[in-house]
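Taking it in order: structure first as structure tokens, then the write-up.
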Amino acid sequence: MDMDSMQLFNIVLTGVLRGGLYALMAVGLSLVFGVMNIPNFAHGEFYMLGAYFSYFTYTYFHFGPISSILLAAVGTFILGAIAEKTLFYPLRKRSKKNWIMNTFLLTLGISIVLQNGAKMLWGNTYRGITQYWPGKVSIASFNISNDRIAGFCIAMVTIAIFWLFLNKTTMGRAIRAVSQDETGASIVGVNLNVIHTLTFALSCLLAGLAGAILLSISPAYPFMGVQPLYKSWFVLILVGMGNIGASIYGGLLVGLLETFAYMKFGSGWQDVVSLAIIIMILIFKPRGLFAKKGVKSVSE
Amino acid sequence: MLEISGIDTSYGNLQVLWDVSLNIGEGEIVAVLGPNGSGKTTMLKSIMNLVSVKRGKIMFLGQDITGKPIHELTRLGLAFVPEERHLFPAMTVMENLLLGAYTIRNKKIIKETFNRVFELFPRLAERKKQYAGTMSGGERQMLAIARGIMSNPKMLILDEPSMGLAPQNVLAVFETIKKLSAEKVTVLIVEQNVNTTLTVADRAYVMEQGRIVMEGSSSQLQGDDHIRKMYMGIA
Ligand SMILES: Nc1ncnc2c1ncn2[C@@H]1O[C@H](COP(=O)(O)OP(=O)(O)O)[C@@H](O)[C@H]1O
Ligand SMILES: [Mg+2]
């Protein structure tokens, strides 16, 4: 390979590996917005909690990598369910007026409480591990750590299972039904309370899983959720709000854009360049790249 | 089977229903007629708890269902086909129908109901893979009724099923209602299409300004002066 195609290959490889995890985060964020109309600004904190979960299970309780990651998923699922039942459910019962604004503020509050709670409990230090799976793989003279490859594979398998769940099971179909027509769903007998709790918990599970997978690359830290939160919002705004399938492509795309900007312009530029490109795309497609008719946009 | 006694319903401070009572026996086809804005839809929504009633009681199969969550009503055997349809636009005909059978766990019953529905609406059978959001108004109405039937209801509640339909589709809708009735499904129907409705219904109620002002058998109402003048355009 010549220099240019080498570099291109490197960009694509790194971009896809990074993008796979953005996709995982973005799918969860999109799910909660599409089904519950909640712009979740605490999504990053469930990513953070996932990282802590797997850190403690891995280093203190000596679980294997897979069990640590799975336990983080189960843990964030349960925490998500509790958050929905104790915070969003009572709010929904009281009033659906200004719902988006109120839940936005509520998630912001949850985010601050969780960040500072983590700081209080576990301190302001980085808690990481060196590796889940020691070793590297060489692909065309690039060395990639096993953890990055495994992380990408787990993310893709999770997304595939999640896609099958949404499309092929009764429960998954009910979740999509609620996102398309809430009244229609309750008319056919769907219990909205169950679906809302399940949806929020699943979304937290996806975020927690991402945090756990990346533990050896980005260590657990109380404020680690901010960056991935913004990245997932870039994805959602880019592809159109509440469009779950498109969030997968969007995640990969943002990963590629960032890697491209990082490698061409140096670190510090990745957010500037990728955001500039996203803004330009939105000028031409204000409802997002894959906006569907009848699907909510940012402006609504 | 369904017994509404003296309900009042309001939207905020605006009271829409005043002391409404209505009775439907098993296997009957009962119509509710009345001008636009008289409260017919509000009455159906009161039954389904889509709006909450202020006063009065609603019984279904001997059980008090006032204020019961709507998803539980479906399990009791009530199916509601709303005026606004509330289909799932980004899902196929097949998926919409499957969701109609959401409360049924027995796969064999679901399959039988599919056959029954496709027999009633051959057009839907041809379009299993089409997205509901891309269908014509008439097809969407068929799908909404079909989705209601998929739950194997004891009682079907229809809000203006013929609204916006071409004449041959209107006919198909009324044929379907007759067939369902022959299969022992009780039907409560709200309609503007008074002539045709009175030919299929056993009995009818007339609602004006949120109150029931008249009730009787279809033949009684067909002969009534007020009805003939106001609703059938016969002087
Ligand atoms: N969601 C609502 N909020 C406030 N008023 C409503 C609402 N829905 C209906 N109304 C009012 O209630 C009255 C009865 O409406 P409706 O039940 O839809 O009548 P119909 O179905 O007989 O045409 C009308 O005056 C209508 O404007
Ligand atoms: Mg109406």
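Per this entry, B:Ser10 is not counted among residues that are surrounded by 19 or more Cβ atoms within 10 Å (Cβ to Cβ), within 16 Å of ligand 1 (Cβ to nearest atom) and either of a type in the set (Gly, Ala, Ser) or farther than 26 Å from B:Lys179 by Cβ (or both).
So for the range B:97-107 (the condition being assigned by TED's automatic domain parsing to the domain that holds B:Asn23 and buried (at least 20 other Cβ atoms within 10 Å of the Cβ)), does at least one residue qualify? No, the range B:97-107 has no match at all. In the range B:93-106, what residues are outside any loop (DSSP other than H, G, I, E, B) and within 11 Å of chain A (Cβ to nearest Cβ)? Selection gives B:Met94, B:Glu95, B:Asn96, B:Leu97, B:Leu98, B:Leu99, B:Gly100. Residues of the range A:67-82 include at least one that is touching a Phe, Trp or Tyr at 6+ places or on another chain (Cβ under 8 Å) and among the hydroxyl-bearing types (Ser, Thr, Tyr). Yes or no: B:Glu28 among the acidic types (Asp, Glu), closer than 30 Å to A:Ile195 by Cα and under 19 Å from the mean Cα position of the chain (by Cα)? It is false that B:Glu28 is among the acidic types (Asp, Glu), closer than 30 Å to A:Ile195 by Cα and under 19 Å from the mean Cα position of the chain (by Cα). In the range B:28-81, of all residues being within 13 Å of ligand 2 (Cβ to nearest atom) and of a type in the set (Ser, Thr, Tyr), the one that is farthest from the other protein chains (Cβ to nearest Cβ) corresponds to B:Ser38.
If you check A:Ser247 against the conditions, is it assigned to a helix (DSSP H, G or I) and within 19 Å of A:Phe152 (Cα to Cα)? Yes: the conditions hold for A:Ser247. Checked against (1) in contact with a strand residue (DSSP E or B) (Cβ under 9 Å, 6 or more places away or on another chain); (2) within 16 Å of ligand 2 (Cβ to nearest atom); (3) more than 18 Å from B:Ile70 (Cβ to Cβ); (4) in contact (Cβ under 8 Å) with a residue 60 or more places away in the chain, B:Gln141 meets all criteria but (4). When the range B:186-222 is filtered for residues that are assigned to a strand (DSSP E or B), of a type in the set (A, V, I, L, M, F, W, C) and closer than 27 Å to B:Gly77 by Cα, the ones remaining, listed by number, are B:Val187, B:Leu188, B:Ile189, B:Val190, B:Ala204, B:Val206, B:Met207, B:Ile212. Tell me yes or no: at least one residue of the range A:153-174 is part of a helix (DSSP H, G or I), facing chain B (nearest Cβ under 10 Å), of a type in the set (S, T, N, Q) and touching a Pro at 6+ places or on another chain (Cβ under 7 Å). No.
B:Glu84 meets each of the listed conditions (1) more than 13 Å from chain A (Cβ to nearest Cβ); (2) on the phi < 0 side of the Ramachandran plot; (3) part of a loop (DSSP other than H, G, I, E, B); (4) within 14 Å of ligand 1 (Cβ to nearest atom) apart from (1). Go through the residues of the range B:174-190 one by one and say whether even a single one is over 15 Å from the mean Cα position of the chain (by Cα) and either within 16 Å of ligand 2 (Cβ to nearest atom) or not charged (D, E, K, R) (or both). Yes, the conditions are met somewhere in the range B:174-190.
The set of residues in the range B:44-80 being basic (Lys, Arg), within 16 Å of ligand 1 (Cβ to nearest atom) and outside any strand (DSSP E or B) consists of B:Lys45 alone. Being touching a residue at least 12 places away in the same chain (Cβ under 8 Å), more than 14 Å from chain B (Cβ to nearest Cβ) and either surrounded by fewer than 23 Cβ atoms within 10 Å (Cβ to Cβ) or more than 18 Å from the chain's Cα centre (by Cα) (or both) holds for only one residue in A:Phe200, A:Phe223, and it is A:Phe223. When the residues of the range B:153-172 are narrowed to those that are within 16 Å of ligand 2 (Cβ to nearest atom) and of a type in the set (A, V, I, L, M), which ends up farthest from B:Lys45 (Cα to Cα)? Restricting to residues being within 16 Å of ligand 2 (Cβ to nearest atom) and of a type in the set (A, V, I, L, M), the top hit is B:Leu165. Hey, could you check the range A:125-158 for residues that are at pLDDT 90 or above and of a type in the set (Val, Ile, Thr) and say which is farthest from A:Ser247 (Cα to Cα)? Ranking the qualifying residues of the range A:125-158, first place goes to A:Thr125. For residues that are surrounded by fewer than 20 Cβ atoms within 10 Å (Cβ to Cβ), more than 17 Å from B:Thr186 (Cβ to Cβ) and touching a residue at least 60 places away in the same chain (Cβ under 8 Å), tally how many sit in the range B:198-212. Looking only at that region, the number is 3.
Residue under question is B:Arg127, and the condition is that it be surrounded by fewer than 20 Cβ atoms within 10 Å (Cβ to Cβ) and either away from chain A (no Cβ under 14 Å) or in contact with a Gly (Cβ under 9 Å, 6 or more places away or on another chain) (or both); does it hold? Taking the combined requirement at face value, the residue satisfies it.
Do the conditions hold for B:Arg105, that is, is it touching a Leu at 6+ places or on another chain (Cβ under 7 Å) and away from ligand 1 (no atom under 16 Å from the Cβ)?
No: the conditions fail for B:Arg105.
Go through the residues of the range A:228-236 one by one and say whether even a single one is modelled with pLDDT of 90 or more, within 13 Å of A:Leu31 (Cβ to Cβ) and within 14 Å of chain B (Cβ to nearest Cβ). Within the range A:228-236, none of the residues are modelled with pLDDT of 90 or more, within 13 Å of A:Leu31 (Cβ to Cβ) and within 14 Å of chain B (Cβ to nearest Cβ).
The values are calculated or read from the model by the stated rules, or taken from the named source; none is laboratory data. Quick caveat, the model's predicted, so the values are computed rather than measured. As a convention, Cβ positions derive from the backbone with ideal geometry for all residues, glycine included, and neighbour counts pool all protein chains shown.
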